[in-house]
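Working notes for the structure below.
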Amino acid sequence: METVRNRPAGLEATGIVLGLALVVGLMLVAFGLPAVNGGPHDVPIGVVAPPADATAVEQALGSDAFAPRRYADERELRAAIADRDVYGGFVLGPGGVTVLTASAASPAVAQGLSGVGTTLAGHAGATARVVDVRPLPADDARGAGLAAVGLPLVLGGILPALVLTRRFPARPWVRVGAALAFALVEGVLVASVLTWWFGSVDANFAPVALGLAFGMAAVSLTVLGLEALLGVAGFGLGAALFVLLGNPLSGLASGPEFLPSGWSTLGQLLPPGASATLLRGNAYFDGAGTATASTVLTCWVAAALLLNVVASRRTVAPPAVSEPVTA
């Protein structure tokens with residue numbers, strides 16, 4: 001039997017076509033804009049040099065690619081790198097230019113700093129010495145393993161939400177519990193692959209696993225809450241938000257400073273971007289620089305739980321009405 005339509009088929013088909021076209025267009029913008037307009041923007045770096053030389057370096061950097069900060073000595077600059085206040089920097093002295101990089105923070109920034117340092121040294125007729133103060137593990141010197149986690153991390157939140165909404169349609173707290181359990185199991189699994197198979201992580205297994213679980217839980221619980229309140233439209237909204245926007249704007253591969261201005265901020269406010277920052281900080285910097293990311297994920301989880309609370313109250317069955325007893 002044909003389904004009775006409340007609106008003309010032609011009008012409904014037109015709406016579907018236009019809606020899908022808009023989704024694909026947004027997908028192109030989300031994935032293409034960072035690639036087209038990407039590049040370093042206000043990357044924080046440190047400079048150790050006498051005032052006149054420091055000014056010359058800042059003028060030589062010129063564009064908005066770097067945001068230089070002055071430090072008293074090399075030790076202070078190294079501490080700032082370890083705390084993730086800066087990505088690296090330059091130390092100017094009688095022996096030439098020492099370039100301090102941290103490829104674990106961003107291979108792209110480390111490569112760029114090395115090139116800039118060589119140019120600065122050449123202008124001064126000196127030599128440049130590059131020191132990677134926090135290198136990536138030798139088994140994954142390009143950081144490819146960590147960069148590959150982005151999409152699996154998002155899908156690790158969406159796929160269980162899809163299965164659980166279909167299997168337990170009217171039991172929101174069963175879905176929440178199962179989603180949290182899955183996130184913990186999958187966090188351990190992904191951390192195990194990164195550590196013992198890819199060699200992308202060489203320490204801090206437990207924080208890495210818990211951080212991955214935190215990110216997947218934020219995605220999964222949010223999608224569950226949206227679906228419980230809005231149905232299929234809610235699931236689509238959550239998937240679009242995290243896959244079409246969150247994943248390309250996460251900055252996991254190169255760093256959020258390589259995204260266009262404004263987009264980088266948005267990316268860090270979404271679970272994929274916050275998870276990327278949390279993962280890199282836990283994996284290579286003993287948790288330094290992860291406070292904001294942890295706060296963002298906490299807010300998403302709290303909001304998601306609130307959505308599920310609202311949904312659970314809507315799905316509570318009304319009390320049964322007892323039939324009158326007839327003699």
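Nothing in this text is a laboratory measurement; each read-out follows from the coordinates by a stated rule. These numbers were taken from a predicted model, which means no experiment stands behind them. Reconstructed Cβ throughout: ideal geometry from the backbone, glycine too, with neighbour counts over all protein chains shown.
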With r as the distance between the Cβ atoms of ALA206 and THR265 and R0 = 30 Å, compute the FRET efficiency 1/(1 + (r/R0)^6) and round to 0.05.
0.50
Which of VAL97, VAL163, VAL188 fluctuates most in a GNM of the chain (C-alpha springs under 10 Å)? That residue is VAL163
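Evaluate the charge dipole of segment 141-314 about its Cα centre and quote only its size in Debye, nearest 20, assuming +1 on the Cβ of each Lys and Arg and -1 on the Cβ of each Asp and Glu.
Working: 8 positive and 5 negative charges, 125 e Å.
The calculation lands at about 600 debye.
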Restricting to Cα pairs under 8 Å and 6 or more apart, the percent relative contact order of segment 141-314 works out to 27 percent
Which of GLU12, GLU186 comes first, and how do the rest follow, when ranked by fewest Cβ neighbours within 10 Å?
GLU12, GLU186
GNM, the chain, Cα, under 10 Å: largest mean-square fluctuation among ALA65, ALA105, ALA183?
ALA65
Based only on other Cβ atoms within 10 Å, what is the fewest-to-most ordering of VAL116, VAL219, VAL208?
VAL116, VAL208, VAL219
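Can you tell me which of 148-156, 250-258 comes out highest on packing, and rank the rest after it, using the mean Cβ neighbours within 10 Å?
Values: 148-156: 20.1, 250-258: 21.9.
The packing order, highest mean first, is 250-258, 148-156.
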By its C-alpha gyration tensor, with a ≥ b ≥ c as the square roots of the eigenvalues, how is segment 43-135 shaped: rounded for a/c under 1.5, else prolate for a/b larger than b/c, else oblate?
rounded
Where does helix 205-230 land angle-wise versus the long Cα axis of the chain, in degrees 0 to 90, nearest 10?
40 degrees
Diffusion coefficient, µm² s⁻¹, Stokes-Einstein with Kirkwood Rh over alpha-carbon pairs of the chain at 20 °C and 1.002 mPa s:
97 µm²/s
Listed with the fewest Cβ neighbours within 10 Å leading, ILE81, ILE16, ILE158, ILE45 appear as ILE16, ILE158, ILE81, ILE45
Pair ALA302, GLU12: separation of 7 Å Cα→Cβ label points (nm)
4.3 nm
Magnitude of the Cβ-charge dipole (Lys and Arg +1, Asp and Glu -1) of segment 132-223 about the Cα centre, nearest 20 debye, reported as 580 debye
Nearest 5 percent is fine: what portion of the DSSP beta bridges confined to the chain is antiparallel?
30 percent
Structure-based [θ]222 nm, the chain - -39500 (n - 2.57) summed over DSSP H runs of at least 4, per residue, nearest 500:
-19000 deg cm²/dmol
What residues qualify as long-range amide H neighbours of VAL47, i.e. H under 5 Å apart, gap of 5 or more or another chain, H built at 1.01 Å from N?
ARG69, ARG70, TYR71, PHE90
Express the relative contact order of the chain as a whole percentage, based on alpha carbon pairs under 8 Å and six or more residues apart in sequence.
17 percent
Run the dipole for the chain about the Cα centre, Lys and Arg Cβ at +1, Asp and Glu Cβ at -1, nothing else charged, and hand back the magnitude in debye, nearest 20.
860 debye
Specify the angular offset, from 0 to 90 degrees and rounded to the nearest 10, of the alpha carbon long axis of helix 107-123 from the longest principal axis of the alpha carbons in the chain.
20 degrees
Only Cα pairs under 8 Å and at least 6 apart count here; give the relative contact order of segment 35-161 as a rounded whole percent.
20 percent
So how long is each side of segment 171-327 along the principal axes, counting just the alpha-carbon atoms, biggest first, in Å?
78, 35, 24
For the chain, the longest principal axis of the Cα atoms and the Cα long axis of helix 291-314 enclose an angle in degrees, to the nearest 10, of 0 degrees
